[in-house]
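Below: the structure, in structure tokens.
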Amino acid sequence: MLKQSIASMTRRRDLLQAKFGFLLFLATLAIFFAASLVAYFVILGQASTSGGGEFAASDEPVRSIEPMKIPVTFWISAVVMVAVSVLLHLACRSVHRERLQPFLRYLFAAFVSSIVFTVIQFIGMYELLVVHLNAADGSTKFYGLSFTLSVLHAVHVFGGLAFLWVVITNSLRGKYDHEQHVMVDNCASYWHFLDIVWACMLLAYSAT
């Protein structure tokens with residue numbers, strides 16, 4: 001009995017350490033993306049107040065860039081990203097309640113949706129890049145900056161896809177139940193984080 005109690009306490013401590021370590025990882029990523037968005041707005045502010053030396057009648061600097069048109073595919077991908085988060089939330093609820101069949105269905109649905117998001121995302125990034133490369137002047141440079149930020153997000157989406165695939169593989173091997181599900185929770189938290197980051201990036205693009 002004592003050995004079982006010690007083993008249980010050790011396992012609980014390891015789970016708490018795993019959760020805490022993952023939260024630190026997400027905090028690091030949050031700082032990275034926040035710094036990227038701050039740099040984006042700094043460049044936006046500089047471009048908005050520099051009009052090549054030309055001033056309006058009110059002595060205000062002329063805006064040197066045109067408002068950026070966000071690809072429709074980016075808004076569609078945002079909806080799909082929300083769907084991934086919702087499906088993973090339902091997967092977590094299912095495994096917490098030992099409902100393993102719905103748990104697997106939600107995981108597979110989330111994985112398929114994440115692939116759809118990736119495809120749509122690349123279409124949108126291609127549209128940004130085409131506008132940027134076809135520009136005769138620097139008025140569309142924010143299409144290039146937005147493309148760069150989107151690529152950074154896409155790299156982390158690939159990490160989320162790999163994470164989700166590992167969770168699915170482990171689930172098929174019966175490694176998760178109502179007591180063992182920390183990795184599932186962490187995977188869902190990661191995708192929730194990506195969802196929030198993408199929403200912030202879309203707001204940043206809308207401000208351009």
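Here are a few things to note about the model shown:
Each row is one residue, and each column tells you yes or no for (1) open to solvent by less than 40 Å² (accessible area, probe 1.4 Å); (2) at pLDDT 95 or above; (3) more than 26 Å from Ile76 (Cα to Cα); (4) part of a helix (DSSP H, G or I).
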position	(1), (2), (3), (4)
Tyr176	yes, no, yes, no
Gln180	no, no, yes, no
Met183	no, no, yes, yes
Cys200	no, no, no, yes
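- Filter result for the condition that a residue is in contact with a helix residue (DSSP H, G or I) (Cβ under 9 Å, 6 or more places away or on another chain), of a type in the set (A, V, I, L, M, F, W, C) and touching a residue at least 24 places away in the same chain (Cβ under 8 Å), over Leu90, Leu128: Leu128
- Pairs, first within 17 Å of Met201 (Cβ to Cβ) and of a type in the set (Gly, Ala, Ser) in segment 23-35, second open to solvent by less than 50 Å² (accessible area, probe 1.4 Å) and modelled with pLDDT of 90 or more, C-beta under 9 Å, six or more apart: Ala30/Phe193; Ala30/Val197
- Within segment 164-180, residues that are touching a residue at least 12 places away in the same chain (Cβ under 8 Å) sit with their Cβ atoms under 7 Å from residues that are outside any helix (DSSP H, G or I) and open to solvent by 60 Å² or more (accessible area, probe 1.4 Å), at 6+ positions apart or across chains, in these pairs: Asp177/Glu98; His178/Arg97; His178/Glu98.
- The residue that is surrounded by the most Cβ atoms within 10 Å (Cβ to Cβ), among those in segment 63-108 that are within 17 Å of the chain's Cα centre (by Cα) and among the hydroxyl-bearing types (Ser, Thr, Tyr), is Ser77.
- Single match in Phe32, Phe20 (criterion: at pLDDT 70 or above and surrounded by 12 or more Cβ atoms within 10 Å (Cβ to Cβ)): Phe32
- Any chance Tyr126 is at pLDDT 95 or above and open to solvent by 60 Å² or more (accessible area, probe 1.4 Å): no
- Cross-chain or 6+ apart pairs with Cβ under 7 Å, segment 147-159 first and over 15 Å from Met81 (Cα atoms) and in a helix (DSSP H, G or I), then open to solvent by 10 Å² or more (accessible area, probe 1.4 Å) and of a type in the set (S, T, N, Q): Leu149/Ser36; Leu152/Ser36
The values are calculated or read from the model by the stated rules, or taken from the named source; none is laboratory data. Quantities reported herein were computed from a predicted structural model and do not represent experimental measurements. Reconstructed Cβ throughout: ideal geometry from the backbone, glycine too, with neighbour counts over all protein chains shown. All accessible areas refer to the heavy atoms of the entire protein, side chains included, with ligands and DNA or RNA removed. Shrake-Rupley method; radii C 1.70, N 1.55, O 1.52, S 1.80 Å.
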